[in-house]
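For reference, the structure is listed below as structure tokens.
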């Protein structure tokens, strides 16, 4: 239905963005330690541990290290134990991210009208959103929506759902200030995935890619007083399912958490879907300036599911790694935090450091957000960036939170102001040709690694 | 925020309602058989089995009997096994219920714009809604929202969410025809709950109450051509959380499914919350006629969590069991199917057989929908009933579905046209005084049963 529709003036703006990572950054050696300690040598384990060294991820943000008791029991933790850890170590990440977004939005929690949340690494009634609301001190009644079943596409799925709910309030001439929250604690499932590698001898690469994060945005429908300038205006969105692909990508419940389903077809399916979704979406937003027509005219906030999703997008859309600079930065620095990643990418993209490595040195006024999830679903949106809303210090921030949204636990060591903006992007990516094949800088003598890397891809 | 707001002309109508129960109706003896076969005698097990005989439920609808292999393994089925059964035996219930609602709405599936779904007895990515959409033959892109974390309040929570989304389309002058689907397969967790009874010696009564059901409604925003008369107009809703009660009611993930958390305070907390929620909601709908002010002026579609929720509501609101006739009928005939129950109650209420046992023999034009869920959340809505939209035969119905929405598997034996409308309501309830204490017809010599029955209550 949405295909032929156009978006008019929606009045929707993201007025606050925050991401909060846990304090530990896992190097590849952490997975190797667990493998050596708990599992016999086997071909599949060796293969996964080799891939683990070449994912392009420097550190995966995590609520603990390989010494954490939860992942050093005789058996993999149960889903009930994972739930406890999610509540104890995960929920504070979502709360902190929310505080950052709320602070930037310059609203009081009493102004929040809805909370739209998602996770694919917990299941409970009431859901985790109940506790986020409570810990934020929201005591009035807010409309809560906790999305399930959307995996890595969850961040953009909650933004889309929030947009529709916000317009519902617009119809009733009521202000909507919707807190969108994504939270994932994935790294605690490392033992469950390693059990499966050991038992099935399948090359399961979730242990190499997934990480933990809480992230949030505040969406306004523009009704009522403006408290903060927009960070991004939300101009339109598209949600689609690639037909008959549900068996390629999944995350289904199991006594030890959720087990990843992932076929080697995913990167190709994802790449092929991007251009049609993009064309449909651009066609549905008449107010886009004439110079914003091709994919390369936009900056891209793509969910970095894995290295080949990023390089596949470059090839499919004719864009460069510079267009994807924020996706690469988040991927390399934190890994794939599933649904929580995309708001972190949107947050990272607005940094001045990012502008310096923009294509032709100029950040774009319009940004495409994109993520893939089980279904296979393709979530896409177009944002208009407000160049004034950068990640600067000194924004109104409650004393109990960090004064700069970008400076979460895992990022304390980065001096954004003085950092070499290119230092965090591998040379091969920073100099990539828009239409060329980007070198991954991988050794070529290990054929099985390259072969396996063709599937180093999660949505 | 919603407390002081009023609802204007929303243009929202439920234009189709359907419920579909699985073919088996479990008598109390089914639980006794499993107890005798798999567990030693113990005080807690005896107590639960005694309560099991006096819940007021005649049969609990289920996808299988006590002979089903899944509940006769050595150990309780794992959450992964439960997931497979949910997909295999549960999803068809949701599909059939959806077909009934769509047929009554006289729309083609191509007109469906959103699917808003819920379950608390499955977790997967993609969620079950993906497969319902596919099996309904919906090939165009619909906006999907799968709610999690809302337990037994899920049915009204998806209706509320759908209402807000529908208004979002109203704001964009787009038609919204939203399929709301609730699906629960609870009876497969009987062994897990009996394990807990055996191990903890707690009086866990979920095994006595819960049942299986798929149910659906189609919500229209009134934009675009009218295909069917409304069954109910949706005039307004209220969602609230009873502060600091989250530890009283829950359903948290476990290797063998989800474990019920339920304290004896729940019935009291629920009953106390109803009058304030009702007063707030009535005050927010100015177009209600003057003669609809008190709870007894309305009919009530209350989620029948347990017998004392129903009797507690009667006391708290000054209403009679006749006001709750559809809730009692569904409770006695099918049990508590968690989120899927409320649409079944709304469907049952419009039957001519129900009108005959209305207070003073006259069905009310306005109906209050109400359900409780973990949080503790209170979901309430006010519906205007269209007396023309009864459960009559001969509605446009696809050949593959039953021609009458009410005649699902578990109800085939009932001849609604000739049934004694009072036969299904116990004499004590059919003659209950509005303000009196309703006799439950229970033996009074077993004090421990009565004591335990004080907590025969799920949300």
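The values are calculated or read from the model by the stated rules, or taken from the named source; none is laboratory data. This is a predicted model, so every value here is computed, not measured. Cβ: placed from backbone, ideal geometry, glycine included. Neighbour counts: every protein chain shown.
Can we say residue A:243 is over 30 Å from residue A:352 (Cβ atoms) and touching a helix residue (DSSP H, G or I) at 6+ places or on another chain (Cβ under 8 Å)?
Here the answer is no, as residue A:243 does not meet what is asked.
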Within 9 Å of another protein chain (Cβ to nearest Cβ), at pLDDT 95 or above and within 27 Å of residue B:372 (Cα to Cα): is that true of residue A:146 in this structure? yes
Condition check: over 24 Å from residue B:241 (Cα atoms), under 22 Å from the mean Cα position of the chain (by Cα) and either assigned by TED's automatic domain parsing to the domain that holds residue A:305 or part of a helix (DSSP H, G or I) (or both). Does residue A:154 satisfy that? yes
So is residue B:141 at pLDDT below 95 and within 12 Å of another protein chain (Cβ to nearest Cβ) or not? yes
Going by the structure shown, is residue A:57 part of a loop (DSSP other than H, G, I, E, B) and assigned by TED's automatic domain parsing to the domain that holds residue A:21? yes
Any idea which of (1) part of a loop (DSSP other than H, G, I, E, B); (2) more than 12 Å from chain B (Cβ to nearest Cβ); (3) at pLDDT 95 or above is the one residue A:218 doesn't satisfy? (1)
Of the numbered conditions (1) under 22 Å from the mean Cα position of the chain (by Cα); (2) more than 10 Å from chain B (Cβ to nearest Cβ), residue A:240 satisfies every one except a single condition; which is it? (2)
Quick one: in the range B:163-188, of everything that is assigned to a helix (DSSP H, G or I) and more than 10 Å from chain A (Cβ to nearest Cβ), which residue is nearest to the chain's Cα centre (by Cα)? B:187
Quickly run through the range B:122-137 and pick out the residues that are within 8 Å of chain A (Cβ to nearest Cβ) and part of a loop (DSSP other than H, G, I, E, B). B:122, B:123, B:124, B:125, B:126, B:127
Looking at A:311, A:348 in this structure, which one is out of contact with any strand residue (DSSP E or B) (no Cβ under 7 Å at 6 or more places or on another chain), farther than 30 Å from residue A:200 by Cα and not assigned by TED's automatic domain parsing to the domain that holds residue A:123? A:348
List the number of the failed condition for residue A:233; all other conditions in (1) out of contact with any helix residue (DSSP H, G or I) (no Cβ under 6 Å at 6 or more places or on another chain); (2) at pLDDT 95 or above; (3) assigned to a helix (DSSP H, G or I) hold. (3)
Evaluation of residue B:224 against (1) touching a helix residue (DSSP H, G or I) at 6+ places or on another chain (Cβ under 6 Å); (2) on the phi > 0 side of the Ramachandran plot; (3) within 13 Å of chain A (Cβ to nearest Cβ) (one fails), failing number: (1)
Matching entry among B:43, B:23, B:77 (being more than 14 Å from chain A (Cβ to nearest Cβ) and either under 26 Å from the mean Cα position of the chain (by Cα) or buried (at least 21 other Cβ atoms within 10 Å of the Cβ) (or both)): B:23
Hey, does the range A:223-233 have a residue that's surrounded by 24 or more Cβ atoms within 10 Å (Cβ to Cβ) and farther than 27 Å from residue A:81 by Cα? yes
Matching entry among B:103, B:117 (being more than 9 Å from chain A (Cβ to nearest Cβ) and either under 22 Å from the mean Cα position of the chain (by Cα) or touching a residue at least 40 places away in the same chain (Cβ under 8 Å) (or both)): B:103
Please go through the range B:243-263 and give me each residue that is part of a loop (DSSP other than H, G, I, E, B) and within 21 Å of the chain's Cα centre (by Cα), ordered by number. B:263
